[in-house]
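Visitor: The structure follows.
The values are calculated or read from the model by the stated rules, or taken from the named source; none is laboratory data. It should be emphasised that the depicted structure is a prediction, and the values quoted were computed from it without experimental measurement. Using ideal geometry, Cβ is built from the backbone for each residue, glycine included, and neighbour counts are taken over all protein chains shown.
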Amino acid sequence: MGQPRRITDSFPRRRRAGRPPGKVKGKSKVKGRIKRKGTICLESCPPAPTEDPPAPPGAPAQAVLDMLRHFDLSWEYGPCAGITRLQRWERAQALGLSPPGPVLDAILEHPNNPAVTYSLWHEYEL
């Protein structure tokens, strides 16, 4: 059996006028250098960092933000739209739903950080 068919096999190929094939818009090679939108970089430029930059001091760790995101997405503690994470945690505690303690610790540790104080949905209107 031959190669599997692709959806693009049934459509004719068209070439754009004005640009030779293989030429990418916005890039041009100039004698050993690659020019990109007004900047010149040698071909041996160091690669871009693949890891996230270190968090500034006082910022919560990514694991803490992931835990808070999980708390927002967990519906067993009630809706989180229109209230802060602390208000949601206190409401769940008052209703006897036993919300996780590390969430409260993280919220109280970073009280002035909006990434910790507000839920995922705080930017959306009700």
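Visitor: Tell me, yes or no, whether segment 63-82 has at least one residue that is exposed (fewer than 12 other Cβ atoms within 10 Å of the Cβ) and modelled with pLDDT under 65.
Guide: If we filter segment 63-82 for residues that are exposed (fewer than 12 other Cβ atoms within 10 Å of the Cβ), which is where we start, we get 63, 66, 70, 73, 75-76, 79.
If we keep only those that are modelled with pLDDT under 65 as well, we get none.
There is no residue in segment 63-82 that is exposed (fewer than 12 other Cβ atoms within 10 Å of the Cβ) and modelled with pLDDT under 65.
Visitor: Hey, can you tell me all the residues within segment 116-126 that are touching a helix residue (DSSP H, G or I) at 6+ places or on another chain (Cβ under 9 Å) and outside any helix (DSSP H, G or I)? It would help to see each step written out before you state the result.
Guide: First pass over segment 116-126, keeping only residues touching a helix residue (DSSP H, G or I) at 6+ places or on another chain (Cβ under 9 Å): 116-122.
Once the filter is applied, which keeps residues that are touching a helix residue (DSSP H, G or I) at 6+ places or on another chain (Cβ under 9 Å) and outside any helix (DSSP H, G or I), segment 116-126 yields TYR118, SER119, LEU120, TRP121, HIS122.
Visitor: Name every residue in segment 74-126 that is touching a Cys at 6+ places or on another chain (Cβ under 6 Å) and not small (Gly, Ala, Ser), in order of residue number. Outline the logic, then answer.
Guide: Step one: list which residues in segment 74-126 are touching a Cys at 6+ places or on another chain (Cβ under 6 Å), which gives 88, 119.
Answer for segment 74-126, where residues must be touching a Cys at 6+ places or on another chain (Cβ under 6 Å) and not small (Gly, Ala, Ser): just ARG88.
Visitor: If I go through segment 79-115 residue by residue, how many of them are in contact with a helix residue (DSSP H, G or I) (Cβ under 6 Å, 6 or more places away or on another chain) and outside any strand (DSSP E or B)? Write out each step before concluding.
Guide: To start, the set of residues in segment 79-115 that are in contact with a helix residue (DSSP H, G or I) (Cβ under 6 Å, 6 or more places away or on another chain) comprises 80, 84-86, 89, 92, 97, 99, 103-104, 106-107, 110.
Next cut, outside any strand (DSSP E or B) only: 80, 85-86, 89, 92, 97, 99, 103-104, 106-107, 110.
Residues in segment 79-115 being in contact with a helix residue (DSSP H, G or I) (Cβ under 6 Å, 6 or more places away or on another chain) and outside any strand (DSSP E or B): 12 in total.
Visitor: How many residues, within segment 114-126, are touching a residue at least 40 places away in the same chain (Cβ under 8 Å), surrounded by fewer than 16 Cβ atoms within 10 Å (Cβ to Cβ) and under 19 Å from ALA63 (Cβ atoms)? Walk me through how you get there before you give the answer.
Guide: Narrowing segment 114-126 to residues touching a residue at least 40 places away in the same chain (Cβ under 8 Å): 115-116, 119-121, 124, 126.
Filter once more, so that each one left must be surrounded by fewer than 16 Cβ atoms within 10 Å (Cβ to Cβ): 115, 120-121, 124, 126.
Now narrow it down to the ones that are under 19 Å from ALA63 (Cβ atoms): 115, 120.
Residues flagged as touching a residue at least 40 places away in the same chain (Cβ under 8 Å), surrounded by fewer than 16 Cβ atoms within 10 Å (Cβ to Cβ) and under 19 Å from ALA63 (Cβ atoms) within segment 114-126 amount to 2.
Visitor: Could you tell me which of the residues ARG5, ARG88, ARG33, ARG15 is more than 29 Å from the chain's Cα centre (by Cα) and modelled with pLDDT of 70 or more?
Guide: Working: ARG88 fails: more than 29 Å from the chain's Cα centre (by Cα); ARG33 fails: modelled with pLDDT of 70 or more; ARG15 fails: modelled with pLDDT of 70 or more.
On inspection, the qualifying residue turns out to be ARG5.
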